[in-house]
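One structure is given here, and the rest of the page talks about it.
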Amino acid sequence: MTRDARLLFAARAVRMFGYGSLAVILVLYLSAAGLDGAAIGLLLSLTLVGDTFVSLWLTTHADRLGRRRTLLAGAVLMIAAGLVFASQTAFAVLLVAATIGVLSPSGNEVGPFLAVEQASLAQVTDPSRRTNVFAWYNLAGYVATAVGALITGLAVGALRGGMGMAELAADRLILLAYAAVGLGLVPLFLAISRAVEVPPVDTSIARRLGLHRSRAVVFRLAALFGLDAFAGGFVIQSLIAFWFYTRFGVPEPVLGVIFFGANILAAVSALAAASIARRIGLINTMVFTHLPSNVLLILVPLMPNLPLAILVLLARFSISQMDVPTRQSYTIAVVAPDERSAAAGVTGVARTTGAAISPLLAAPLMSTAAVAGLPFIIAGGLKIAYDLLLFRAFRAQPTPEEARRA
């Protein structure tokens, strides 16, 4: 890998460590601050709504404003959100910070980072190695998320148990650490060279959201990815943590261990995806690995005890993320180089938009014992529908590299 690629990998790892940390405590922190299920759901949804608008503007302008500048802007928004959440509990203040800042309630990517980094990696990577590089890029993120979740769970347990710190105070330290993670991204982004920037483009070409000839295919992908993310929003990691806490009384240190294992399995599955895609194609890999994972997702709340629920959840994570590097590689491959940031941004924003709505519905459901498992079933069913629609729409549209091999 080039020096720029290594810096982008490092930024991904640092950032995902922060996201993994936040997912363990965010809903518990908001609950301890006095917010009820409906208020928490609204806050989580508006966090993702705000991220949608910020990310859409930044990513569709990134290739003209500069990819490095866009990444630095995202880091500043991440710092701001962490500092406000650590110092305030008033709902109105948190609402503003969540809407404008970059905050990850799911343990997954938010903000402009992913789209711009994907486009930058494609700029400094040979096309034949793109899916493999994206797989390793996702591996770095999953491992960092897992470590962040594990360390945070253990740290909160030590702060509350060993030091006698109140839950709210312990969680605030994690939020300050989240802001520090954003600060740590700044020198990494400053060190990236101009090689990641898009080559000069023809400004006379009519564009919409930064797209020109690939607009139709990107919008179709965005609609499908939005459906998948809407389904996933019912079971974001912070809500799964809340479900395990309320259903089985699982404390934060154990939640950290669960999500550590889940994200390590997701990391391994991302690596396997690249080799599978070389044999059967990107679309087939996305669909045929995703379908069984969604069946397992539906089974999680049906398990009668904690060990079985954890086992099924981990089994699901072991195959659920194989579609991620393949999805990213497919999106980058079917657009022109000067559309890559915009394409990744538009599809990413579609995912964020979809995921913004469902927590508003899921949080109250998970707060109600009689239907607490329903979000898992809804998510699994919708994701199965997404897989079938994706296969129908794109099975006959290989990437240029796949077409040449055929």
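Things worth noting here:
- The combined condition, being more than 21 Å from the chain's Cα centre (by Cα), modelled with pLDDT under 90, assigned to a helix (DSSP H, G or I) and closer than 21 Å to Met16 by Cα, is not fulfilled by Ala241.
- Where a residue in the range 186-205 is surrounded by 17 or more Cβ atoms within 10 Å (Cβ to Cβ) and its partner, wherever it lies, is in a loop (DSSP other than H, G, I, E, B) and at pLDDT below 95, with Cβ under 7 Å and at least six apart: Val196/Val124; Glu197/Gly66
- Filter pass, Tyr29 being within 26 Å of Ser358 (Cα to Cα), touching a Lys or Arg at 6+ places or on another chain (Cβ under 8 Å) and not hydrophobic (A, V, I, L, M, F, W, C): yes
- Criterion violated by Ala10 - all others in (1) hydrophobic (A, V, I, L, M, F, W, C); (2) farther than 28 Å from Pro187 by Cα; (3) surrounded by fewer than 21 Cβ atoms within 10 Å (Cβ to Cβ) satisfied: (2)
The values are calculated or read from the model by the stated rules, or taken from the named source; none is laboratory data. Every value quoted in this text rests on a predicted model; they were computed, and no experiment measured them. Quick reminder, even Gly has a Cβ in these numbers, built from the backbone with ideal geometry, and neighbours come from all protein chains shown.
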